[in-house]
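This report refers to the structure that appears directly beneath it.
Values in this text are rule-based calculations from the coordinates and carry no lab data. These numbers come from a predicted model, not from an experiment. Cβ placement follows ideal geometry from the backbone for every residue including glycine, while neighbour counts extend to all protein chains displayed.
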Amino acid sequence: MADFSTIARPYAKAVFKLAREQDAFKSWGDALDAIAGLVADPQVAALITHPSLTRTQLADVIAGALSGQASAEAVAFARLLVDNGRLIAAPAIAAQYETLRSEAESRVDVEITSAVAVDPAQQTRLASAISQRLARQVAIEWKTDAALIAGAVIRAGDMVIDGSVQGELERLQTTLLR
């Protein structure tokens with residue numbers, strides 16, 4: 001899929017500014033996720049590129065699909081994306097909006113993949129340590145991957161901490177092959 005980050009940036013910033021003014025970060029995030037979900041649907045994706053469908057017709061289809069899921073402003077935003085030929089960038093807009101929202105709320109999404117399931121007491125201690133280290137609230141998604149052998153890999157934005165045995169073995173192999 002193409003990289004729509006440049007196209008998405010001004011839209012994400014505009015929606016973020018509006019959400020901040022309305023104190024409606026969550027509702028706008030949900031609406032953008034709904035729009036992005038529509039774009040990801042194979043049937044809707046086929047409509048977006050259908051040569052005989054006008055933008056007005058596509059906007060009506062999208063508005064109908066969003067009815068009851070999003071506010072009138074969010075539906076109007078989706079219509080704007082269709083009118084400007086930018087609906088395909090909706091997933092990138094939603095992602096950039098969530099990045100802006102996370103920064104504003106001093107929150108970061110963290111993914112922790114461990115070789116074995118981590119007990120709740122350890123999860124609490126690790127979440128607290130990561131929150132202190134990043135000086136932010138953390139939302140942690142826990143995963144397991146037996147291929148790590150032991151240890152864990154922590155991903156928070158661009159930061160990756162690989163404390164797994166698999167990662168150590170890969171680093172050792174790279175060193176030995178030099």
How large is log10 of I(q)/I(0) for the chain at q = 0.14, 0.15, 0.17 Å⁻¹ when the intensity is taken from the Debye formula with one equal scatterer per alpha-carbon? -0.86, -0.92, -1.02
Surrounding net charge for P10, when Lys and Arg each add one and Asp and Glu each subtract one, Cβ distance under 12 Å: +4
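Fully extended, how many nm does the chain gain between E105 and W142 (0.36 nm per residue separation, minus their Cα-Cα distance)?
On the way: separation 37, 0.36 × 37 = 13.32 nm, distance 2.15 nm.
The span from E105 to W142 would gain 11.2 nm if fully extended.
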Give a residue-ordered list of calculated ³J(HN,Hα) values for region 147-160 (Karplus: 6.51 cos²θ - 1.76 cosθ + 1.60, θ = phi - 60°; whole Hz; x for Gly, Pro). 5, 6, 6, 7, x, 8, 10, 10, 10, 9, x, 7, 7, 10
Hydropathy at least 0.5 by Kyte-Doolittle, axial extent at least 15 angstrom from the Cα trace: which helices of the chain, defined as entire DSSP H runs, fit? 25-40, 55-66, 72-83
In a shell of Cβ-Cβ distance under 13 Å around G151, excluding G151 itself, what net charge do Lys and Arg (+1) and Asp and Glu (-1) give? -3
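Tell me what the chain gives for mean residue ellipticity at 222 nm when only DSSP H runs of n ≥ 4 count, each as -39,500 (n - 2.57), the sum divided by the residue total, rounded to 500 deg cm²/dmol. Before the final figure, lay out the partial values.
Numbers: 8 runs with 107 residues, N = 178.
It lands at -19000 deg cm²/dmol.
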Extending each Cα 7 Å along its Cβ direction at T49 and A24, get the distance between those two points in nm, one decimal. 3.3 nm
Remind me, what semi-axes does region 107-176 give for its equivalent ellipsoid, largest first in whole Å, using sqrt of 5 times each Cα gyration tensor eigenvalue? 23, 15, 9
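Calculated FRET efficiency, R9 and T174, Cβ-Cβ r, R0 30 Å, to nearest 0.05?
Working: r = 36 Å, r/R0 = 1.20.
E(calc), rounded to 0.05, equals 0.25.
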Calculate the spin-label point distance for Q57 paired with D162, positioning each point 7 Å from the Cα along the beta-carbon direction, and give it in nanometres. 5.1 nm
Amide H neighbours of T144 at under 5 Å, excluding residues fewer than 5 places away on the same chain, with H built from the backbone geometry, are S114
Would you grab the residues whose amide H sits under 5 Å from the one on S164? Only those 5+ places off in sequence or on another chain, please, with H modelled 1.01 Å from N. A152
